[in-house]
Amino acid sequence: MSDEAEHNADTSGRMRVARRRRTGASLLVAVATISGAVGSWVYNHGYKVRAANNSAVIRSGADLSTYLTAGDYTAVTVPIRNDSPYEVTVIGLTVPNAPRLEWDSVHTVIAPNSTADLRVYTRGACEAAPHTLKSHKPVTVVVRVLTINGKMHGSLQELVKGAIQYADDRCAIPSASESNFA
């Protein structure tokens with residue numbers, strides 16, 4: 001075989017190898033692109049479920065807090081609304097400013113887009129009798145919930161108005177200026 005024929009055969013062989021490499025690289029890029037798009041779709045398709053399992057959207061209910069029994073000033077409701085797409089279970093409720101107000105400790109399931117009236121009772125000499133309020137600000141209530149997958153959500157603070165304002169006003173921890181130590 002002549003030198004020229006060997007050179008042409010060698011060049012032709014290198015071109016075939018280079019063409020195979022380009023084809024292989026193009027095929028890998030196409031497979032990676034398709035796999036990435038499918039993987040992203042699968043991940044994003046399940047996003048709402050994952051987010052709902054780890055979060056809760058809780059707020060005070062539209063209705064005002066009321067008395068459980070008319071004339072009984074020792075028990076009031078705390079309306080809490082669940083705006084999450086899944087149900088939540090209330091596992092705790094506290095009123096930080098008034099620790100003498102105690103939640104009845106009933107684990108309450110709140111369906112999506114629903115409001116539940118949780119119960120708070122006064123303890124000791126304080127009661128939720130109507131009177132002139134020192135402040136008309138809503139009462140801060142801290143709610144703890146379990147999400148649909150049973151995970152505890154962080155504490156959620158809500159501002160509640162209504163009968164609980166009377167209880168909070170009477171059962172609040174006295175400030176230093178209100179306390180008499182004489």
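Assorted remarks:
- Scanning the stretch 118-130 for residues that are part of a strand (DSSP E or B) and open to solvent by less than 30 Å² (accessible area, probe 1.4 Å) yields Leu118, Val120, Thr122.
- Counting residues in the stretch 105-117 that are open to solvent by less than 10 Å² (accessible area, probe 1.4 Å), assigned to a loop (DSSP other than H, G, I, E, B) and not aromatic (Phe, Trp, Tyr) gives zero.
- Within the stretch 115-125, tally of residues that are at pLDDT 85 or above and more than 17 Å from the chain's Cα centre (by Cα): 6
- Test: residue in the stretch 73-80 that is of a type in the set (S, T, N, Q), at pLDDT 75 or above and closer than 30 Å to Gln165 by Cβ: yes
Conditions tested, residue by residue: (1) modelled with pLDDT of 90 or more; (2) open to solvent by 40 Å² or more (accessible area, probe 1.4 Å); (3) in contact with a helix residue (DSSP H, G or I) (Cβ under 6 Å, 6 or more places away or on another chain).
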residue: Arg144; (1), (2), (3): yes, yes, no
residue: Met152; (1), (2), (3): no, yes, no
residue: Gln157; (1), (2), (3): no, yes, no
residue: Val160; (1), (2), (3): yes, no, no
residue: Arg170; (1), (2), (3): no, yes, no
residue: Ser177; (1), (2), (3): no, yes, no
residue: Ala182; (1), (2), (3): no, yes, no
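The values are calculated or read from the model by the stated rules, or taken from the named source; none is laboratory data. As the structure is a computational prediction, the values presented were derived from the model and not from experiment. As a convention, Cβ positions derive from the backbone with ideal geometry for all residues, glycine included, and neighbour counts pool all protein chains shown. Accessible surface areas use protein heavy atoms only, side chains included; no ligands, DNA or RNA. Shrake-Rupley method; radii C 1.70, N 1.55, O 1.52, S 1.80 Å.
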